[in-house]
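Following: one structure in structure tokens, then a few remarks.
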Amino acid sequence: MVRLLAIGAGLLFTFVVMISFVADAYNAATTEAEESPEYAFHLEARAPEGGWSFTGPIGTWDIGQLQRGYKVYKEVCSACHGLKYVAFRNLADLGYTENQVRAEAATWQVPGIDPATGEAVMRAAEPTDYFPSPYPNDVAAAAANNNAIPPDLSLITKARHHGTDYVYSLLAGYQPIPAELTEEFPDFRTPEGLYFNPYFAYLNIAMAPPLTSTGQVTFDDGTEATIPQMSEDVTAFLTWAAEPTLVKRKQTGWPVLIFLVFATVLAWMAKRQIWSAVKPAKRKD
């Protein structure tokens, strides 16, 4: 009797779940989506006009671009965002020599311990140190940024949909509110402390435009530092920071694929050779 009651309860529960699922599916299919500013004016992320050098099966890093991107990060982005999973020694991958890496690391300050007193102090970074956060903790970060904690950028291009394209579009996409938006949605506003960006899902973002004018950064190779150019370069640098072995992985993949194809052909030929003298048994009906 108890077993029958348990089976009946299970069947009843399954029936209720199925009815709820069918009802929700029907409502979703027949109810028109409510038009909203976020739905109507949100733009999909896009790559720069020339694309990215590191995409595709044979993509490579543009070392000059990575060096420019690092300079944009250092002079602009590092004021609010950390890079805690990247060590200064990794800058050697950007074409810097060992002495240049050591000198560059020394321009940063990281937390340390005074060997004489044991007190916490700030010291010049060494190649083995990691890029420091600009804030001691999340409370300080929120207090300095209108209660919005700036995310660490180490993995930002891996943590966002359309990662690399999204970061580029967001940085280069700040603009005034389009007249079409206010005409269609008169109640839409950008609250004080927020900024309009159509590439952000909610249109209004807490991060102020970090790149505001041409020449904000001076590139060593003479490239003109326009807002799109700086956005592209720092995005490429952040893509490298998130996956520094991206290009090496692609370069390793091709020999592996070629070897697998070659091994498959050899295995097929060996199979043909071994079984060539074996005649199939005659079938008896």
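The values are calculated or read from the model by the stated rules, or taken from the named source; none is laboratory data. Model, not experiment: these values are computed from the prediction. Ideal geometry is used to build each Cβ from the backbone, glycine not excepted, and the neighbour counts take in all protein chains shown.
Considering the conditions (1) part of a helix (DSSP H, G or I); (2) over 24 Å from the mean Cα position of the chain (by Cα), Gly215 is excluded by exactly one of them, (1). Kindly establish whether Tyr166 is surrounded by 15 or more Cβ atoms within 10 Å (Cβ to Cβ), at negative phi, of a type in the set (Ser, Thr, Tyr) and in contact with a strand residue (DSSP E or B) (Cβ under 9 Å, 6 or more places away or on another chain). When the stated conditions are applied, Tyr166 does not pass them.
One line per residue, one yes/no per condition, for (1) at pLDDT 90 or above; (2) under 30 Å from Asn147 (Cα atoms):
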residue	(1), (2)
Phe188	yes, yes
Ala201	yes, yes
Pro209	yes, yes
Val217	yes, yes
Asp220	yes, no
Glu232	yes, yes
Ala267	no, no
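Of all residues in region 55-71, those satisfying the criterion of being at pLDDT 95 or above and either within 17 Å of the chain's Cα centre (by Cα) or among the basic types (Lys, Arg) (or both) are Trp61, Leu66, Arg68, Gly69, Tyr70, Lys71. Pairs linking a residue in region 97-118 that is at pLDDT 95 or above to a residue that is part of a loop (DSSP other than H, G, I, E, B), with Cβ atoms under 6 Å and 6 or more positions apart or on different chains, are Val101/Pro127; Arg102/Pro127; Ala105/Ala125; Ala105/Glu126; Ala105/Pro127; Trp108/Ala125. Taking region 115-157 as the range and being over 29 Å from Leu246 (Cα atoms) and among the acidic types (Asp, Glu) as the test, the residues that pass are Glu119, Asp138. Scan region 147-165 and tell me whether some residue there is at pLDDT 95 or above and part of a helix (DSSP H, G or I). Yes, region 147-165 has at least one match.
I need the full set of residues from region 4-44 which are surrounded by fewer than 10 Cβ atoms within 10 Å (Cβ to Cβ) and at pLDDT 75 or above, in order please. Within region 4-44, just Tyr39 meets the criteria. Is it true that some residue in region 254-276 is surrounded by fewer than 13 Cβ atoms within 10 Å (Cβ to Cβ), within 26 Å of the chain's Cα centre (by Cα) and touching a residue at least 60 places away in the same chain (Cβ under 8 Å)? Yes: region 254-276 contains one or more residues that are surrounded by fewer than 13 Cβ atoms within 10 Å (Cβ to Cβ), within 26 Å of the chain's Cα centre (by Cα) and touching a residue at least 60 places away in the same chain (Cβ under 8 Å).
Screening Pro136 on (1) exposed (fewer than 15 other Cβ atoms within 10 Å of the Cβ); (2) over 17 Å from Gly82 (Cβ atoms); (3) of a type outside the set (A, V, I, L, M) shows it passes everything except condition (2). Consider Leu171 carefully, then state whether it is crowded, with 17+ Cβ neighbours inside 10 Å and either outside any loop (DSSP other than H, G, I, E, B) or modelled with pLDDT under 95 (or both). Here the answer is yes, as Leu171 does meet what is asked.
Consider region 222-242 and keep the residues that are surrounded by fewer than 18 Cβ atoms within 10 Å (Cβ to Cβ) and touching a residue at least 60 places away in the same chain (Cβ under 8 Å). The one that is farthest from Ala159 (Cα to Cα) is Thr223. Restricting attention to region 80-135, the residues being touching a Ser or Thr at 6+ places or on another chain (Cβ under 6 Å) and either at positive phi or among the aromatic types (Phe, Trp, Tyr) (or both) number 1. Just to verify a result, which residue in region 85-114, among those that are more than 25 Å from Leu246 (Cβ to Cβ) and charged (D, E, K, R), is surrounded by the fewest Cβ atoms within 10 Å (Cβ to Cβ)? Only one residue fits best here, namely Asp114.
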